[in-house]
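Okay, structure first, notes after.
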Amino acid sequence: MKAKSYIVIGCLLGLLACSETVTVVPFTYPEVFTGKTSRSWTIRNYQLLRDGKGTLTGGLSSCESDNTYTFYNTPERTYQITDGSKKCNASDPNVLVDSSWSFINSTATLTIVMPLFSESPLPFIVKEVDDTKMVLDIYLDDSRYFRLNLKSVSSD
């Protein structure tokens, strides 16, 4: 009987001695895309990767290479593509796309509008991202996919 009492008292003291303060850490991973308020990116180049057939690397035309892809850290997750100083058509607006972005961490899927492929949002797989570069893949089929290499050009 005494042994049970000692065990119960020991367990209670152990529970009280092992309490630790829980600190809530807000989810900030999307800031790698947006910075604190916004971050702009440009496409450095793209690659077409084909299973067993090598890689084709290309660049964008001069009028597309200076477009900026800006991710905003807002509740709406605003996303804009703005035309650079070299316009493809003189009549093109300054803001080419005004949309939103989403990111699913479990599948590393960034969904954005990319006019190079479609006017609708498409799911890109984030292969690598940090404060200075981002690598996105979009699959065409089981054996071919495009890889976009972006670099950060500004961050707030």
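The values are calculated or read from the model by the stated rules, or taken from the named source; none is laboratory data. Only a predicted model underlies this, so the values are computations on that prediction, with no experimental measurement involved. Every residue, glycine as well, gets a Cβ built from its backbone with ideal geometry; the counts of neighbours run over all protein chains shown.
Within segment 36-58, how many residues turn out to be loosely packed, with under 13 Cβ neighbours inside 10 Å, under 23 Å from GLY84 (Cβ atoms) and touching a residue at least 40 places away in the same chain (Cβ under 8 Å)?
Residues flagged as loosely packed, with under 13 Cβ neighbours inside 10 Å, under 23 Å from GLY84 (Cβ atoms) and touching a residue at least 40 places away in the same chain (Cβ under 8 Å) within segment 36-58 amount to 1.
Looking at segment 59-96, which of its residues are buried (at least 16 other Cβ atoms within 10 Å of the Cβ) and not in a loop (DSSP other than H, G, I, E, B)?
Matches in segment 59-96: GLU64, THR68, TYR69, THR70, PHE71, TYR72, THR78, TYR79, GLN80, ILE81, THR82, LEU96.
Could you list, in sequence order, all residues of segment 63-85 that are under 19 Å from SER152 (Cα atoms), more than 12 Å from the chain's Cα centre (by Cα) and not polar (S, T, N, Q)?
Within segment 63-85, CYS63, GLU64, ASP66, ILE81, ASP83, GLY84 qualify.
Suppose we filter SER102, SER19, SER85 for residues that are among the hydroxyl-bearing types (Ser, Thr, Tyr) and either in contact with a Leu (Cβ under 9 Å, 6 or more places away or on another chain) or modelled with pLDDT of 80 or more (or both); which single one remains? Full working, then the answer.
Working: SER19 fails: either in contact with a Leu (Cβ under 9 Å, 6 or more places away or on another chain) or modelled with pLDDT of 80 or more (or both); SER85 fails: either in contact with a Leu (Cβ under 9 Å, 6 or more places away or on another chain) or modelled with pLDDT of 80 or more (or both).
Of SER102, SER19, SER85, the one residue that is among the hydroxyl-bearing types (Ser, Thr, Tyr) and either in contact with a Leu (Cβ under 9 Å, 6 or more places away or on another chain) or modelled with pLDDT of 80 or more (or both) is SER102.
With the requirement that a residue be assigned to a loop (DSSP other than H, G, I, E, B), under 16 Å from the mean Cα position of the chain (by Cα) and among the acidic types (Asp, Glu), what does segment 131-154 give you? Walk me through how you get there before you give the answer.
Step one: of segment 131-154, the residues assigned to a loop (DSSP other than H, G, I, E, B) are 131-132, 140-143.
Those still in the list that are under 16 Å from the mean Cα position of the chain (by Cα) too: 131-132.
Scanning segment 131-154 gives a single hit, ASP131.
Pairs needed: first member in segment 126-148, under 21 Å from THR70 (Cα atoms); second member anywhere, among the hydroxyl-bearing types (Ser, Thr, Tyr); C-beta distance under 6 Å; at least 6 residues apart or different chains.
Hits for this filter: THR132/SER152; ASP137/TYR145; PHE146/TYR46; LEU148/TYR46.
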